[in-house]
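One structure is given below, encoded as structure tokens.
The values are calculated or read from the model by the stated rules, or taken from the named source; none is laboratory data. Predicted model, so just to flag it, every value in this text is computed and none were measured. Reconstructed Cβ throughout: ideal geometry from the backbone, glycine too, with neighbour counts over all protein chains shown. Areas reflect the complete protein model, heavy atoms only, side chains present, ligands, DNA and RNA absent. Shrake-Rupley method; radii C 1.70, N 1.55, O 1.52, S 1.80 Å.
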Amino acid sequence: MAIKVPGKRYGKRLEHSKVFGHGGHAKKSGFSDLLITPLVDMFIIIVLFLIANFSATGEVLMMTKDIQLPEAVNVKEVEMHPVVMVSNEQVTISGTIVGRVEDLVKDEYLNIPALEEKLREMKKQYEDLHSMAGGEDTFKGDVNIQANKEVEFRIIKRVMFSCATAGYNNINFAVLTKGGDSSAPVTAEAAPQ
């Protein structure tokens, strides 16, 4: 054991500090340890959190305040297809307004020309993209109609007729499941024409 000069003694923690004059002349190493295990644990928790919160079914349809979906019993999950939105004021597809409901009520035609044109353009883009990719995937003609439950049937009929003449014969309606199990939108198939 070393012999120490009598006097004031500092605790082990303060023994080598610069403030009390005993330390500070020792060289500190420039290397510090990096704790990998907690870092990996943190990244695993972040990845699991992101995977648990990612859901593609809720993002297929955009819910708006002016469209209240009807309820149905026989439903299936929503799939990614073009969405035609019909509210009490307007008809839109992919965010583009193709007609106002008050103008569509006055017209005697059975189709909506702007909607047909936009759907034909989307069909051509789909076919061009798949032909360039060299895939054998054929155009199926699926479309989702998201309509307010208070819209007149003659407007829905014109939207359906326009979809059918543009080549979209598999029409699905966005609905809510009856019974209150889930408020997530699902689709109900339209009767074949």
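Phi angles across the range 66-72 convert, under the Karplus curve 6.51 cos²θ - 1.76 cosθ + 1.60 with θ = phi - 60°, into 3J(HN,Hα) values of 7, 10, 9, 6, x, 9, 8 Hz, Gly and Pro given as x. In terms of the Cα gyration tensor, with a ≥ b ≥ c the square roots of its eigenvalues, is the range 67-179 rounded because a/c is under 1.5, prolate because a/b exceeds b/c, or oblate? Oblate, since a/c reaches 1.5 and b/c is not below a/b.
Packing order of peptides 65-78, 126-139, 145-158, 3-16, highest average first: 145-158, 65-78, 126-139, 3-16 (average count of other Cβ atoms within 10 Å over each peptide's residues).
Quick one: pull the percent of accessible area on the range 28-171 belonging to carbon and sulfur, 1.4 Å probe, ligands and nucleic acids left out. Carbon with sulfur: 59 percent of the solvent-accessible area.
Our estimate of slack between Glu79 and Leu129, defined as 0.36 nm per intervening residue step minus the Cα-Cα distance, is 16.1 nm.
3J(HN,Hα) along the range 139-156: 6, 9, x, 8, 8, 9, 10, 10, 10, 5, 6, 9, 6, 4, 5, 5, 6, 4 Hz, from the Karplus curve 6.51 cos²θ - 1.76 cosθ + 1.60 with θ = phi - 60°, whole Hz, x for Gly and Pro. Using a cut-off of 20 Å between Cα atoms, the listed pairs Lys65/Lys124; Lys65/Lys149; Lys65/Lys106 include Lys65/Lys124; Lys65/Lys106 as exceeding that distance. Here the extension length gained between Lys178 and Lys8 equals 53.0 nm, from 0.36 nm per residue of separation less the Cα-Cα distance.
Determine ³J(HN,Hα), in whole Hz, for all residues of the range 79-90 in sequence, where each value follows from phi through the Karplus function 6.51 cos²θ - 1.76 cosθ + 1.60 and θ = phi - 60°; x replaces Gly and Pro. For the range 79-90, the Karplus curve yields 10, 6, 9, x, 10, 9, 9, 10, 9, 6, 10, 8 Hz.
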